[in-house]
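These notes concern the structure reproduced below.
The values are calculated or read from the model by the stated rules, or taken from the named source; none is laboratory data. Just so you know, these numbers come straight off a predicted model, no measurement behind them. Heads up, the Cβs are rebuilt from the backbone with ideal geometry, glycines too, and the neighbour counts pull from every protein chain shown. When the accessible area is computed, the model is the full protein with side chains, heavy atoms only, and any ligands, DNA or RNA have been set aside. Shrake-Rupley method; radii C 1.70, N 1.55, O 1.52, S 1.80 Å.
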Amino acid sequence: MLTSRRLETSDSALKNIPGAEPHSRLDPWWWLVVLVAGIIAILSITRPDPYWRIILFVRDGIGVTAIITVVSFILMLFVGMLGGLGRISKNKAINLITTLYVELVRGVPLLVQLIWWYFAFPVVIQQIGRWTGISFLAAYRANALVLAIFGFVFCYGAYMSEIFRAGIQSIPKGQMEAARSLGMNYFQSMRHVILPQAIRVILPPVGNEFIALLKDSSLVSAVALADLTRRGKEFMSANFNPIETWTMVALIYLVMTLFSARIVNYIERRTKFER
Amino acid sequence: MNGNNEPIIHIENIHKRFGKVHALRGVSLRIQKGEVVVIVGPSGSGKSTLLRCINRLEEYNSGKIVVDGIPLDSAQNINAVRQEIGMVFQSFNLFSHMTVMDNLVLAQKIIRKRSKDEAHKVALDLLKKVGIPEKINAYPSQISGGQQQRVAIARALAMNPRIMLFDEPTSALDPEMIKEVLDVMMALAKEGMTMVVVSHEMGFARAAANRIIFMDEGQIIEEAPPDQLFSNPRHERTKRFLSKVLDH
Ligand SMILES: Nc1ncnc2c1ncn2[C@@H]1O[C@H](COP(=O)(O)OP(=O)(O)OP(=O)(O)O)[C@@H](O)[C@H]1O
Ligand SMILES: [Mg+2]
């Protein structure tokens, strides 16, 4: 939407908006991504055993890691937005609940939270099912993938709420007042005036969260999910070659994080605007 | 329109406290349709607060405000009243992520439910009226303060308000840009817009105002037509204030 509007403006106007220059050059750090990908390629070609075998073995783990990261990230954006709005809400109950949520989540290690959701939460559900006599709750079975995503969204959503809160609060008060004075209600003003500006402000920290999440997703190897890290562990215990296995796993993570960082950087540059 | 002499803005004995600060102490004011009222007074006297109470950007603690027959007492009424009142701020407050055109179109579409074409036409006509149709695709950061303020006035006018409020619209501007904004306001006054203006531009007040209101410490001290107030203020406080602002 933003790009199309920019295309309508004249070239001279574009010059003044950083990031919207007509010929945005490719960010030079892409070569680092290419370099690491190149190392992986060279290793797999020159020594297919074990490197290419490792890649084939952990391949589905890469998919699991990617799914957990992307799905959790999208969901936590919604949680973060609602949490952020809750944190600045004048409604005391909403404010209290969201503040409590943020404070509690930030006080517990992520690994412990993931383990809790996977091992304790299903039992809690089953107990509730038994007490209330609702049979499908009593028969509840843990789904590792769903609970892992749930755990990440719950935890990262709290951090994301703080990012959204700070972003919204960084927009000058006059913007909201101007919107309200035109007759827009609170939600219309948020949606059309405040959030579009806040999102540009929070893009860098939100991008960092994505990369942090990608790395933290390796923690799910502790809760029976066959992600990249867990597949690496399995390969190593079958073949006893820790150096090759963990080097390759590290390189694959590195390619994914470097690549994500470049994408984040690209989006940031495309959406920057002057105040 | 209304046969009786019901004022378009009717403020009755409002009080506003910010914690310990008693910003408005029993202000009453009636403004007739088509009147131009300029409010003056020292810093902190409550001018902005009074203005912001009229469209309920600020809540007041007691008293009553009725705008165009609608009492400011329910959320529904407040949004209805805000649609009738345009407001122009000292710091312009243009939406910085939108072009000039989108600034003018947004509320027309959402609140007035106008089609894209219709809203664009209204916007373009108003930009011509304030003298900057060529800036239609610029972003606020790309135009001067005076131009931004004229866009802000156009944005408010696009909603077809019956009343315009101005809170020190020229005090953030460089001297050479003040006139272009005052000219737009002057034209608006001539067209018969009801205007409440907080400003220390005494030239504008003299030329445009039907009435000048002098406020101090949260109260209206004195009100009179400009000639009378400037040449013959009745209160000592008004005299002292005027001698300061009229000197230069
Ligand atoms: N949001 C607020 N919180 C606390 N106190 C406030 C707030 N807004 C205004 N006040 C206080 O209320 C009083 C009146 O303020 P107001 O802004 O209405 O004055 P003013 O006449 O517009 O002054 P100026 O000419 O400086 O703009 C001042 O003492 C001010 O400090
Ligand atoms: Mg003020």
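The table that follows gives values for the structure above.
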read-out	value
Three-way shape call for the stretch A:62-225 based on the alpha-carbon gyration tensor, with the a/c threshold at 1.5	prolate
Semi-axes of the equivalent ellipsoid for chain A, Cα gyration tensor, largest first, Å	38, 32, 12
Computed helical MRE - 222 nm, chain A, DSSP H runs ≥ 4 contributing -39500 (n - 2.57), nearest 500	-25000 deg cm²/dmol
Positive-end residue of B:Asn93, A:Trp52, A:Ala222, charge dipole of the protein assembly as shown with Cβ unit charges	A:Ala222
Summed residue charge, Cβ within 9 Å of B:Pro7's Cβ, Lys/Arg positive, Asp/Glu negative	0
Helical contribution to [θ] at 222 nm, DSSP H n ≥ 4, -39,500 (n - 2.57), averaged over chain B, rounded to 500	-12000 deg cm²/dmol
Electrostatic dipole magnitude of the protein assembly as shown [Cβ: Lys, Arg +1; Asp, Glu -1; Cα centre; debye, to 20]	680 debye
Point-to-point label distance, A:Leu26-B:Asn210, nm (Cα→Cβ direction, 7 Å offset)	6.8 nm
DSSP-loop trypsin sites (Lys or Arg not before Pro) across the stretch B:44-141, with at most 12 other Cβ within 10 angstrom	B:Lys113
Per DSSP, loop trypsin sites (Lys or Arg not before Pro) in the stretch A:59-131 with at most 13 further Cβ within 10 Å	A:Lys90
Listed residues A:Ile74, A:Ser189, A:Ser161: farthest to the positive end of the dipole of the stretch A:62-225 (Cβ charges)	A:Ser189
B:Leu124 paired with A:Ala41, simple spin-label distance in nm, labels 7 Å along Cα-to-beta-carbon	5.2 nm
Cβ-placed point charges (K, R +1; D, E -1), dipole of the stretch A:62-225 about Cα centre in debye, nearest 20	340 debye
Net charge of Cβ neighbours under 12 Å - reference A:Thr99; Lys, Arg +1; Asp, Glu -1	+2
Signed unit charges on C-beta, dipole axis of the stretch B:86-214, positive-most listed residue B:Met177, B:Gln147, B:Pro161	B:Pro161
Check: chain B dipole with +1 on Lys, Arg Cβ and -1 on Asp, Glu Cβ, in debye	400 debye
Proximal charge balance of B:Ala207 [Cβ under 14 Å; K/R count +1, D/E count -1]	+1
Span-rule helices in chain A, defined as complete DSSP H runs reaching 20 Å or more along the axis (Cα) with Kyte mean at least 0.5	A:30-46, A:48-87, A:92-106, A:144-169, A:195-216, A:242-271
Inter-part distance where the stretch B:164-240 and the stretch A:30-84 are each reduced to a Cα centre, Å	66 Å
Folded to 0 to 90 degrees: helix B:236-247 orientation relative to chain B principal axis, Cα	40 degrees
Cα centroid separation, the stretch B:107-132 to the stretch A:144-192 (Å)	29 Å
Accessible-area order (highest first, 1.4 angstrom probe) of the listed residues B:Asp216, B:Asp227, A:Asp216	B:Asp227, A:Asp216, B:Asp216
Equivalent-ellipsoid semi-axes of the protein assembly as shown, from the Cα gyration tensor, Å, largest first	59, 29, 18
